[in-house]
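Asks: Once you've had a glance at the structure underneath, I'll fire off some questions.
Every read-out reported here was derived from the displayed coordinates using simple, explicitly stated rules and does not represent laboratory data. Computed from a prediction, not measured in an experiment: that's the story for all the values here. When we count neighbours, we look across all protein chains shown, and the Cβ atoms used for this are built from the backbone with ideal geometry, even at glycine.
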Amino acid sequence: MGSNGSDWQEQAWTFHDKVGELRYYVGWRAASVARCQLVGSDLDPDTGRPTGYTENPTVQRIVRDIAGGVTGQSQILKRLTTGLTVPGEGFVAMIVRDSESHDTYSDGSPLSAEDKDNGEFQEWIVLSRDEIKASGSDGLEFTLEDDSKHLFDENRDLLFRVWNPHPRKASEADSPVRAAEDTLTEIVRTTKSIDNAAKSRLVGNGILFVPQEMSLPEQGAPGVDPLPGDPSYPGEVPYAMPSASQQLQDLLYQVGTTAYGDQESMAAFMPIISSVPGEWTDKVKHVTFDSQVAETSLKTREAAIRRLAMSLDVAPERLLGLGSNSNHWSAWAIAEDDVKVHVVPVLETIVAELTKYILRPLLEKEGVDPNQYVIWYDTTPLTQDPDKKAEAKDAHDRGGLTTKALRKYSGFDDSDGYDLTTAEGWQELARDKAAADVSLIPALAPLLGGVANQITPPAQQPAINAPTDTTTAPESETLPESEPASQPDSTDEPDTVTSAAVLAFVETFTARALELANKRRRNRANAAQFRGVPMHLAHRNLPAVPATDVPKLIEGWDASVPWDRVERLGFTRRAIAAWVERDAVDELTKVAG
């Protein structure tokens, strides 16, 4: 275990650090597994399959305490998944450390007061093979997250390996990256080729090719040679003039070094200039050094990325994109396939080892049959549809879902619904139903009548016409004349159902008008007055308004009223509108309290 592992594992980590597409895949897979939860589970006595839950408190406690709880378990799952995906293995360690010599956990966070008082504390960590070294003849030394060292104590610590067995030799680890080694090498090589072509442009802006008779610019700074007799005079030294090619080589090196070191320097933009007699000017040629990015390199890299997407344990669309023909719902379908085919196998590998090394030994100590339980997983956070409003509405309409559950799936809470534990809640529901379908008013009249009776109907119909402008409140308290078909003769005893229907109309539409008025009056200063109060009654907590302001406040109350259906029931628009506006004036001009 303290060995350096196989060469391909070292290369796999190198690819993980260099290839962004691979890094994304590993990160996506690890994050997906980390969102799942570990749960204790019974084994079905008939099928032997995990049931996904257990009521055994001992099993629940053991699973809950793994890695200190949900947060620690998430980190364990995340790093184990990275290990299983890249080198094909990871090592889970449960170590006990002395709190007197350590004041922080391995992640740098301070110790809890409880762990300080206990004198020792327990940590769950996941190690790579590189973080486990041989110590002495048979000991092991761990390198922890904070780069500190821990000597493995087999009497107190626990260490076990989680790995993907290779099909040919089960003791060896296997991973998706191992089979994609050639493809990843091709991606790295073509990327390097493209990068080198880009860097070649930084060497300079080329040279001017000149005939041999021309001279290159001198690079040495002018100075004074020592004279004979001076201490620094070297004596007679034959002078060898550098060849033109040597001068060119030295010059290119100097310019290239400057341009590469400082990409903003003028050496990266200006050509090298050579002096030339006039008769040689037509012989001068400008040659650049930059390499053009070959089209084949780009196509080769793109093809290699596609091969990588096909070879990894993930839907190819995850790396290549969903494409123009995909939408939100097809994206969700791909995610579900990813969970079933590519995430669940990782979880099953992990929970199998946790059951073997953690759950069963502890159950044996507790005197519980270890063969009846396993550690299992819950993928609900990954597989739950993000938008179930349509399904919830359909189930609610079919009687398969409660109204409370429908509100939950629609993003509302119970305070947004009707309080059917009170008479007022039922009346509010009846008003809304009647406003949506006025043909229901006669049927709802008995329920609405309890509230409608608080409004005193007119004793008789005055022989005047109601104002045609329904947005202006009547100036007098007299009521407009209604159609004979809608109102019985004042000398006759009114029909009970007809009177209740009229009052239901007025009550329903007045509530709508008051709701609009109160919404328009609500602001930050009086927001507290609206809390816990139905919107159509909120004005009772507010100051009265002048009667002249009411028409503007209730404007639009009749926008959704199906007047054709109202009139088919025998009521006139003028009469209903006048009543609504009169009652709105009465309510809004009252002094609160």
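Asks: Using the basic label-point model (7 angstrom from Cα toward the beta carbon), what is the Thr185 to Ser6 distance in nanometres?
Replies: Here the modelled spin labels are 1.5 nm apart.
Asks: Which lysines have a Cα lying under 24 Å from the Cα of Lys433, excluding residues fewer than 8 positions away in the same chain?
Replies: Output for Lys433: Lys389, Lys393, Lys404, Lys408, Lys519.
Asks: Residue separation times 0.36 nm, minus the C-alpha to C-alpha distance between Asp282 and Thr47: what's the value?
Replies: 75.5 nm
Asks: Given a Förster distance of 22 Å, report the FRET efficiency between Glu348 and Gln372 from their Cβ-Cβ distance, rounded to the nearest 0.05.
Replies: 0.70
Asks: Same structure again: What distance in nm separates the simple spin-label points at Asp98 and Arg520, each placed 7 Å from Cα in the Cβ direction?
Replies: 7.9
Asks: For Leu140, enumerate residues with amide H under 5 Å from its amide H, sequence gap 5+ or separate chain, H modeled in the peptide plane.
Replies: Ser135, Phe152
Asks: Which FRET efficiency value, to the nearest 0.05, do you get for Ala527 and Arg398 by plugging their Cβ-Cβ distance into 1/(1 + (r/R0)^6) with R0 = 35 Å?
Replies: So the FRET efficiency works out to roughly 0.35.
Asks: While we're on this one: Suppose R0 equals 41 Å. What FRET efficiency, 1/(1 + (r/R0)^6) with r the Cβ-Cβ distance, do Arg64 and Thr143 give to the nearest 0.05?
Replies: 0.90
Asks: What fraction, in whole percent, of alpha-carbon pairs in the stretch 12-161 exceed 29 Å separation?
Replies: Across the stretch 12-161, Cα pairs with separations above 29 Å total 28 percent.
Asks: Report the gain in length on full extension from Lys169 to Arg540: 0.36 nm times residue separation, minus Cα-Cα distance, nm rounded to one decimal.
Replies: Additional length available on full extension: 125.4 nm.
Asks: Here's another thing I want to ask about it. Starting from the Cα of Lys169, draw a straight line to each of the lysines and keep only those under 22 Å, dropping any in the same chain fewer than 8 residues away.
Replies: Within the straight-line cut-off, Lys169 pairs with Lys356.
Asks: Hey, if you put +1 on the Cβ of every Lys and Arg and -1 on every Asp and Glu Cβ in the stretch 92-138, which of Ile132, His102, Gln122 ends up farthest toward the positive end of that dipole?
Replies: Sorting the options by dipole projection puts first Ile132.
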